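Peer 1: Input: one structure, supplied below.
The values are calculated or read from the model by the stated rules, or taken from the named source; none is laboratory data. Since the model is a prediction, treat every value here as computed from it, not as a measurement. Reconstructed Cβ throughout: ideal geometry from the backbone, glycine too, with neighbour counts over all protein chains shown.
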Amino acid sequence: MALRIVVCIKQVPDTTEVRMDPVKGTLIREGVVSIVNPFDSYAVEEGVRLKEKHGGTCTVVTMGPPQAEQALRDCISVGADEAYLVSDRAFAGSDTWATSLTLAAAIRKIGFDLIICGKQAIDGDTAQVGPGIAVHLDLPQATYARKIREVGEKSMIIERLLEEGVETMEMPLPGLITVVKEINEPRLPSLKGKMRAKKYELKKLTAADLDLQPGKLGLDGSPTRVMKIFAPPPRAGGEVFKGEADQCADKLVAVLAKNGVV
Amino acid sequence: MPKLKIISDKCGGCGQCVDACPYDGIEIAGTLAKFKDSCNWCGTCKDACPFEAIVVEEDKAPAAAGLDAYKGVWVFGEQRDGHIQRVVLELVGEGRKLADARKEPLCVLVLGDKMEGACKKLLADYPVDKVYYVEAPELAVFEAEVYGKICADLIRAKKPEIMLAGATCAGRSFLSRVAVEVHTGLTADCTGLAINPEGLLMQTRPAFGGNIMATILCPNHRPQMSTVRPRVMKPPAAGTGRGGTLEKVAPDKARLLSRSKILDFAAEIEETVNIAEADIIVSGGRGLGGPENFKLVEDLAKALGGAVGSSRAAVDAGWKPYSHQVGQTGKTVCPKLYVACGISGAVQHLVGMQSSDTIVAINRDPDAPIFKVATYGIVGDLKEVLPILTRKILERKGK
């Protein structure tokens with residue numbers, strides 16, 4: 001059984017570095033590096049592992065500006081076979097609706113048995129694109145996958161990490177899963193992988209390749225609009241107690257009680 | 001297609017738009033600003049421009065017809081084992097305000113089996129005008145595909161103007177399917193909702209790990225849909241029922257078929273695991289020194305009646321399962337009280353907990369960054385401080 005696995009990735013700014021200037025209300029982007037969304041690197045690792053175990057191919061795909069090429073090369077260096085950059089000015093301003101439509105069209109063109117996405121991206125934090133792709137392609141889904149227990153000819157058994165425990169689900173193939181960090185530990189790129197990533201010729205898809213109506217792409221195809229962005233109220237450091245543990249604990253319990261916290 | 005335009009006569013080439021852009025989507029080419037491929041049309045540059053050289057082009061898309069047919073605020077009545085979840089009450093509280101602002105009814109949509117009693121109780125106790133209850137054995141346990149189809153069918157039939165669900169595993173898994181199916185917008189993990197003067201739902205949410213807030217609108221599609229972060233909105237007081245009605249809806253049998261099959265659910269044995277929905281969380285980090293000291297954290301959590309969280313370092317070291325991890329690659333939490341024990345406060349951790357109401361940090365290092373976000377802090381040895389604190393909390397509760 002050879003699985004055609006497609007992994008969706010996103011290049012994101014290392015968001016822990018993104019801050020707003022609270023006075024000017026603008027973004028401080030200085031020195032912010034771009035990385036493969038951390039949850040997506042678990043998705044790539046899982047795709048590569050499944051391919052290694054069951055045979056088949058692992059293809060990564062991203063929708064983004066031309067510079068997202070680097071993120072795709074990073075995935076090639078850790079074992080992905082092929083990489084597609086879905087890039088076009090017409091995709092600009094896409095919300096999760098338009099993004100999932102565009103990615104679904106690209107994935108349909110690539111061909112697939114299993115689609116793997118990260119749980120969510122760390123910049124947008126929506127967790128909406130994976131399930132969105134599943135609906136556009138009329139697929140079943142298993143979100144928050146923490147383990148793939150079995151892969152059969154027609155279905156797979158997946159453990160899902162939920163709020164209060166673990167659900168085991170049998171999902172038919174083709175299907176889509178989104179993964180959490182617990183599923184694996186991503187490998188580091190090998191020297192051979194790095195060489196291949198350097199030389200690899202990326203495959204590119206534009207709006208014209210995807211047979212989508214212009215009105216459904218980018219900002220025009222996005223039901224949501226960002227009205228404004230602003231800095232959250234700053235959080236100032238508060239009262240710190242030092243000295244004898246016993247006295248510190250007394251003071252802490254007293255202030256917490258006073259504020260009705262305990 | 002461009003939605004922003006640069007008026008070259010006005011542009012001073014000052015580059016303030018470049019600094020303001022969150023997407024690296026504009027540059028100064030020669031002496032004038034120019035949009036790059038990465039522009040997302042968000043309009044931040046427009047506000048930053050001191051010359052008013054960036055203007056919005058008219059949105060050519062006409063307002064979609066028939067929007068007025070959509071009325072009322074709906075809340076997804078998430079249930080587990082037949083129990084309506086607390087986040088539903090939080091959304092009833094918030095949804096009531098929105099419904100009142102729109103002068104429309106507030107409805108709760110419950111999908112389940114043998115839940116008529118729970119629905120009636122909801123109506124009796126809380127300010128809900130109507131409960132739509134879809135009953136079928138297939139709906140007893142949540143499954144995203146089936147729940148998505150049934151919910152989409154009801155939205156098409158009843159046309160609510162606003163639809164809210166908790167940003168839980170279930171809410172986030174199925175509402176994104178519904179949004180695509182009924183072709184409308186969905187805003188994830190909102191922490192603020194309000195109605196603007198035009199009557200549209202303003203959905204405010206953290207992005208970039210909580211470092212930035214964004215307000216999102218869904219102007220031309222209905223319903224306007226949001227998932228809302230648990231523990232942010234306040235549930236209404238019980239005893240505020242207003243004699244609302246129960247309407248049972250018969251589901252289309254064909255839509256109840258799921259391609260997936262749920263085989264098993266293993267509840268995590270510790271009751272302290274549900275950090276996403278806890279009022280109080282006590283978390284431990286590398287500063288504990290070893291897995292054996294996590295007991296001190298667990299004891300304090302138990303004394304406070306809270307859940308146990310963990311930093312990434314402690315999870316990666318194998319001291320605590322991943323389901324407890326708070327932070328960028330774990331869970332985002334916002335309890336009333338967050339106690340960080342031996343957690344230095346790397347940004348990756350802070351983005352997962354910095355919106356908690358009250359933050360207490362206990363750490364040996366007075367310069368640990370966690371103290372910068374902490375409401376209260378204790379500098380000291382955890383092995384000494386935690387048992388004392390636990391004892392004092394228990395003493396206080398014993399009174």
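Peer 1: Closer than 21 Å to residue B:179 by Cα, modelled with pLDDT under 95 and either within 14 Å of chain A (Cβ to nearest Cβ) or assigned to a strand (DSSP E or B) (or both), is that true of residue B:22?
Peer 2: Numbers: closer than 21 Å to residue B:179 by Cα: no; modelled with pLDDT under 95: yes; either within 14 Å of chain A (Cβ to nearest Cβ) or assigned to a strand (DSSP E or B) (or both): yes.
It is false that residue B:22 is closer than 21 Å to residue B:179 by Cα, modelled with pLDDT under 95 and either within 14 Å of chain A (Cβ to nearest Cβ) or assigned to a strand (DSSP E or B) (or both).
Quick grid of which residues meet (1) assigned to a loop (DSSP other than H, G, I, E, B); (2) more than 9 Å from chain A (Cβ to nearest Cβ); (3) in contact with a helix residue (DSSP H, G or I) (Cβ under 6 Å, 6 or more places away or on another chain):
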| residue | (1), (2), (3) |
| --- | --- |
| B:170 | no, no, no |
| B:178 | no, no, yes |
| B:203 | no, no, no |
| B:221 | yes, no, no |
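Peer 1: Further, regarding this structure: Counting only residues that are more than 10 Å from every other protein chain (Cβ to nearest Cβ) and farther than 19 Å from residue B:359 by Cβ, give me the strands (runs of 3 or more DSSP E) lying completely in region B:235-286 with at least 1 of them. Before the answer, list the steps.
Peer 2: Numbers: elements: B:245-249, B:261-267, B:280-284.
Correct list: B:245-249.
Peer 1: Does residue B:327 fit the bill of being surrounded by 22 or more Cβ atoms within 10 Å (Cβ to Cβ), within 11 Å of chain A (Cβ to nearest Cβ) and out of contact with any Gly (no Cβ under 7 Å at 6 or more places or on another chain)?
Peer 2: Criteria not met by residue B:327.
Peer 1: Is there a residue being surrounded by fewer than 15 Cβ atoms within 10 Å (Cβ to Cβ), away from chain A (no Cβ under 12 Å) and either part of a loop (DSSP other than H, G, I, E, B) or at positive phi (or both) anywhere in region B:93-102?
Peer 2: no
Peer 1: Report the residue count in region B:1-53 for those that are farther than 22 Å from residue B:214 by Cα and buried (at least 19 other Cβ atoms within 10 Å of the Cβ).
Peer 2: 4
Peer 1: Okay, moving on. Name, by its number, the condition in (1) exposed (fewer than 14 other Cβ atoms within 10 Å of the Cβ); (2) closer than 30 Å to residue B:368 by Cβ; (3) free of Cβ contacts under 8 Å to residues at least 12 places away in the same chain; (4) of a type outside the set (Val, Ile, Thr) that does not hold for residue A:199.
Peer 2: If we test residue A:199 against (1) exposed (fewer than 14 other Cβ atoms within 10 Å of the Cβ); (2) closer than 30 Å to residue B:368 by Cβ; (3) free of Cβ contacts under 8 Å to residues at least 12 places away in the same chain; (4) of a type outside the set (Val, Ile, Thr), just (2) comes out false.
Peer 1: Turning to a different aspect of this structure: Could you list, ordered by first residue, the pairs with Cβ atoms under 7 Å in which the first is in region B:293-318 and touching a residue at least 40 places away in the same chain (Cβ under 8 Å) and the second is charged (D, E, K, R), at least 6 apart or interchain?
Peer 2: Qualifying pairs under 7 Å: B:293/B:383; B:296/B:383.
Peer 1: Name every residue in region A:63-90 that is in contact with an Asp or Glu (Cβ under 9 Å, 6 or more places away or on another chain) and assigned to a helix (DSSP H, G or I), in order of residue number.
Peer 2: Correct list: A:66, A:67, A:71, A:75, A:76, A:89, A:90.
Peer 1: Tally time: how many residues in region A:69-90 are closer than 15 Å to residue A:203 by Cα and of a type in the set (Val, Ile, Thr)?
Peer 2: Qualifying residue count, region A:69-90: 2.
Peer 1: Next up: Among the residues of region B:180-195, write down those that are part of a loop (DSSP other than H, G, I, E, B) and at pLDDT 95 or above.
Peer 2: Filtering region B:180-195 for residues part of a loop (DSSP other than H, G, I, E, B) gives B:182-185, B:191.
B:182, B:183, B:184, B:185 - these are the residues of region B:180-195 that are part of a loop (DSSP other than H, G, I, E, B) and at pLDDT 95 or above.
Peer 1: Scan region B:314-332 for residues that are part of a loop (DSSP other than H, G, I, E, B) and more than 11 Å from residue B:351 (Cβ to Cβ) and jot them down.
Peer 2: Of region B:314-332, the ones part of a loop (DSSP other than H, G, I, E, B) are B:317-321, B:327-330, B:332.
Across region B:314-332, the qualifying residues are B:317, B:318, B:319, B:320, B:321.
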